[in-house]
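Novice: I am attaching a structure below and will ask some questions about it afterwards.
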Amino acid sequence: MHIHILGICGTFMGGIAALAREAGHTVTGCDANVYPPMSDQLRALGIDLIDGFGADQLALKPDVFVVGNVVTRGNPLMEAILDAGAPYTSGPQWLAENVLQGRHVLAVAGTHGKTTTTSMLAWVLEHAGLQPGFLVGGVPQNFGISARLGGGRYFVIEADEYDTAFFDKRSKFVHYRPRTAVLNNLEFDHADIFADLAAIETQFHHLVRTVPASGRLVVNAREESLQRVLARGCWSEVVRFGPMKEEPGALRARGEPHAFDVLRGAMKVARVDWALLGEHNQLNALATIAAAEHVGVAPEVAAAGLATFQNVKRRLEKRGEAAGVTVYDDFAHHPTAIRTTVNGLRRKVGAARILAAFEPRSNTMKLGTMKAQLPWALEEADLSFCHSGNLGWDAAEALAPMGEQAVVLDSIDKMVAAIVKAARPGDQVLCMSNGGFGGIHAKLLAALAAKA
């Protein structure tokens, strides 16, 4: 078929485009200000991209328009599609009907760690020879691509709780109907579409309802919110991970995050020795092992796969070093993720100074819903620099409890200048954003080199 994708440059919709192209379909697409890196990846696959949402694209007459959740009523092309009565569907629904149907789907859900854990699970299954298909909201460095159909019956997908499309306000993940579902954690997020945590718990329970009795739920034992989700009803096997003390049947870790034994009850079933840092990644590994076990991968085989896991781009990714200062890039934007990322770097660099640069860019952070948590999130950093552009709240007031440890700046150039002025050889600069952050990484490295 010929599919035309609206909002094609987002990671998820771009992944759908790559899968459709691999399956032999004709794929075209459009987006506002067609942008890399996804635009470059798609053009390399021979996918024609159109800049903007002009109504004239109706003349392409595809078999179906696949609509991303970036599209709203009033969009010129969408209005033309509706007026013409042309066929349209959402990305998750197209994926469910044309790629996932008949496959054993392993879905990874959670407020944090979805991309990393999905990538881990896909790599572990690949290491075990299962040739999984996957769709990840990032680029796993072991694969170098964000999506592929795969050669086996297994498909690993990042299961997002954000809504599906303007005409389908259910979470994306209810379309996937997994046989194996990881519930990694659950906190309040997406304040633009969810009123409170209870509303998100309801969506997670909708996901639980879709898992068959022969399926498996892999659930973080430390999350009270997830226990509430299961208390609403559960019809599948549950394997818990990460309890603080020994628990029958649950997987837990013994040792440091970079090298630890995996225990089931009191019995050691595997050992993980790998390059990743932080307790959050230790928990991600336990979830991966429990999920892979459900499709026949023994824990020791999964652990051997994790030993060669290279993480995902933009996860404490070192971007370079200049004037003795190291610059990292990370996707963290929720306060809990910021705290976890800073803690992970602290464990890596010991007493070295950490200079944290961040922009509250997600819809939730722009609304200021979690601004009071920012001092807590940043407390392990020695200095913090906040980009305050386009915020509807006072960042300086929110960060006032940090005193001189926090600096608020309204432009990227001012932020670069302030960081370069403060930086000393041996410092670690951690840039955190779920966007491009105005190219701050390259600007910092250039300015530091010029200073040197």
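Novice: So what are the ³J(HN,Hα) numbers for segment 91-96, from phi and the Karplus equation (6.51, -1.76, 1.60; θ = phi - 60°), rounded to whole Hz, Gly and Pro as x?
Specialist: After applying 6.51 cos²θ - 1.76 cosθ + 1.60, I find x, x, 5, 4, 4, 4 Hz.
Novice: Need one number: the % of Cα-Cα pairs in the chain sitting beyond the 34 Å mark. All intermediate terms of the calculation are to be shown ahead of the outcome.
Specialist: On the way: 35439 of 101926 pairs.
Here the tail beyond 34 Å accounts for 35 percent of pairs.
Novice: I'd like the Karplus ³J(HN,Hα) series for segment 370-385: coefficients 6.51, -1.76, 1.60, θ = phi - 60°, whole numbers in Hz, and an x wherever there's a Gly or Pro.
Specialist: Result, rounded to whole Hz: 10, 4, 5, 8, 5, x, 5, 5, 9, 5, 8, 7, 7, 9, 10, 10.
Novice: Efficiency by 1/(1 + (r/R0)^6): what FRET value for Glu247 and Ala417, r their Cβ-Cβ distance, R0 = 56 Å, to the nearest 0.05? Show your work: numbers first, answer last.
Specialist: Working: r = 52 Å, r/R0 = 0.93.
So the FRET efficiency works out to roughly 0.60.
Novice: Computed from the mean reciprocal separation of all distinct C-alpha pairs, what Kirkwood hydrodynamic radius does segment 1-156 have, in Å?
Specialist: 16.0
Novice: Give me the percent of accessible area attributable to carbon and sulfur for the chain, probe 1.4 angstrom.
Specialist: Of all accessible area on the chain, carbon and sulfur atoms account for 50 percent.
Novice: State which entries of Lys172/Lys366; Lys348/Lys414; Lys169/Lys268; Lys172/Lys268; Lys245/Lys366 exceed 32 angstrom in Cα-Cα distance in the structure shown. Mind dumping the intermediate values first?
Specialist: Numbers: Lys172/Lys366 23 Å; Lys348/Lys414 28 Å; Lys169/Lys268 44 Å; Lys172/Lys268 37 Å; Lys245/Lys366 38 Å.
Violating the 32 Å Cα-Cα cut-off are Lys169/Lys268; Lys172/Lys268; Lys245/Lys366.
Novice: Between Glu300 and Asp261, what is the label-to-label distance in nm when each label sits 7 Å out along the Cα-to-Cβ direction?
Specialist: 1.5
Novice: Using the per-residue mean of other Cβ atoms lying within 10 Å as a proxy for protection, in what order, highest first, do the peptides 281-293, 400-412 fall?
Specialist: Values: 281-293: 27.6, 400-412: 14.8.
Ranked from most to least packed, the peptides come out as 281-293, 400-412.
Novice: Report the FRET efficiency, 1/(1 + (r/R0)^6), for Ser214 and Ala59, where r is their Cβ-Cβ distance and R0 is 51 Å, rounded to 0.05. All intermediate terms of the calculation are to be shown ahead of the outcome.
Specialist: Details: r = 47 Å, r/R0 = 0.93.
With R0 = 51 Å, the Cβ-Cβ based efficiency is 0.60.
Novice: Suppose all protein chains stay in the model; what accessible area per residue would a 1.4 Å probe give for the chain, in Å²?
Specialist: 39
Novice: Send over the semi-axes of segment 244-288's equivalent ellipsoid, whole angstrom and largest first, taken as the square roots of 5 times the C-alpha gyration tensor eigenvalues.
Specialist: 17, 10, 8
Novice: Stretch Ala351-Tyr35 to full length: gain in nm at 0.36 nm per residue minus the Cα-Cα span?
Specialist: Gain on extension, Ala351 to Tyr35, equals 109.8 nm.
Novice: Show me 150-158, 208-216, 383-391 ranked by packing, highest mean number of other Cβ atoms within 10 Å first.
Specialist: Numbers: 150-158: 23.2, 208-216: 16.0, 383-391: 19.9.
Highest to lowest by the protection proxy: 150-158, 383-391, 208-216.
Novice: Starting from the Cα-Cα distance between Glu397 and Lys366, subtract it from 0.36 nm times their residue separation and give me the gain in nm to one decimal.
Specialist: Fully extending the segment from Glu397 to Lys366 adds 9.7 nm.
Novice: While we're looking at this one, here's another question. Under the definition of Cα pairs under 8 Å and six or more residues apart, what whole-number percent is the relative contact order of segment 22-144?
Specialist: So the answer I get is 15 percent.
Novice: Something else about it: Starting from the alpha-carbon convex hull of segment 279-407, give the projected area averaged over all orientations, in nm². Provide the component values of the computation, followed by the final result.
Specialist: Details: hull surface 39.2 nm².
Computed as one quarter of the Cα hull surface, the answer is 9.8 nm².
Novice: Name the residues of segment 346-374 whose amide N is less than 17 Å from a point 7 angstrom out from the Cα of Glu380 along the C-beta direction?
Specialist: Under 17 Å, as judged by backbone N against the label point of Glu380, lie 346-358, 374 of segment 346-374.
Novice: Go ahead and estimate [θ] at 222 nm for the chain from helices alone: -39,500 (n - 2.57) per DSSP H run with n ≥ 4, summed, over the residue count, rounded to 500.
Specialist: Computed ellipticity for the chain at 222 nm equals -9000 deg cm²/dmol.
The values are calculated or read from the model by the stated rules, or taken from the named source; none is laboratory data. No experiment lies behind these values; they were computed from the predicted model shown. With ideal geometry, Cβ positions are generated from the backbone for all residues, glycine too; neighbour counts draw on all protein chains shown. Note: accessible area is taken over every heavy atom of the protein model, side chains too, but ligands, DNA and RNA are not part of it. Shrake-Rupley method; radii C 1.70, N 1.55, O 1.52, S 1.80 Å.
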